[in-house]
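Below is one structure; the comments refer to it alone.
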Amino acid sequence: MQITIIQMAVSVLLFFVLFFGIGFILNMVLRMTWLMAALYPIVVIFIIDQVKWYEYFSKPGESLGRLWERILSLHAADVIILLSGFAGAVLSGIAIRILRQKGYQMF
């Protein structure tokens, strides 16, 4: 399936804003600045895999092999979209740190 430039731009923007917002809220509520950036790889695994989560514990060799195959089969557009989500998660941590240094106490 081909992705157009408009779909790509909207997807990048959507992932960036989505993970920036989720990260910002988690950082405010839990007061853990880099929580979303640390959890992002787990979220990406749930997005790209086709394995049930409990199979990572019951059949780790097979499920991790299938996950690695899925990671290697990602297209460049998919990688760019996922990296924009990671950038949003990291920038939410940076934004919270700057706001706290300026004196704003979030919850």
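Just so it is clear, none of the values below were taken in a lab; they were calculated from the coordinates. Predicted model only: the values in this text are computed from it and were never measured. Neighbour counts are summed over all protein chains in view; Cβ atoms, including those assigned to glycine, are modelled from backbone coordinates with ideal geometry.
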**Request:** Note down the magnitude of the dipole of the chain about its Cα centre, charges +1 on Lys and Arg C-beta and -1 on Asp and Glu C-beta and zero elsewhere, to the nearest 20 debye.
**Result:** 460 debye
**Message:** As a test of understanding, state the convex hull volume per residue of the chain from its alpha carbons, in Å³.
**Reply:** 108 Å³
**Message:** In the range 49-107, if the dipole is taken from +1 on Lys/Arg beta carbons and -1 on Asp/Glu beta carbons about the Cα centre, which of 105, 79, 63 is farthest to the positive end?
**Reply:** 105
**Helical contribution to [θ] at 222 nm, DSSP H n ≥ 4, -39,500 (n - 2.57), averaged over the chain, rounded to 500** = -26000 deg cm²/dmol
**Message:** Quick query: amide H of residue 51 versus all other amide H atoms, modeled in the peptide plane; which residues come in under 5 Å with a sequence gap of 5 or more or a different chain?
**Reply:** none
**Prompt:** Where does helix 60-72 land angle-wise versus the long Cα axis of the chain, in degrees 0 to 90, nearest 10?
**Reply:** 80 degrees
**Prompt:** Taking +1 at the Cβ of each Lys and Arg and -1 at the Cβ of each Asp and Glu, which of 10, 44, 22 sits farthest along the dipole of the range 5-101 towards its positive end, judged by Cα position relative to the Cα centre?
**Reply:** 22
**Request:** Excluding residue 48 itself, calculate the net charge of residues whose Cβ lies under 11 Å from the Cβ of residue 48, where each Lys or Arg counts +1 and each Asp or Glu counts -1.
**Result:** -1
**Asked** Roughly what angle does helix 5-30 make with the longest principal axis of the chain, taking Cα atoms, 0 to 90 degrees, to the nearest 10?
**Response** 60 degrees
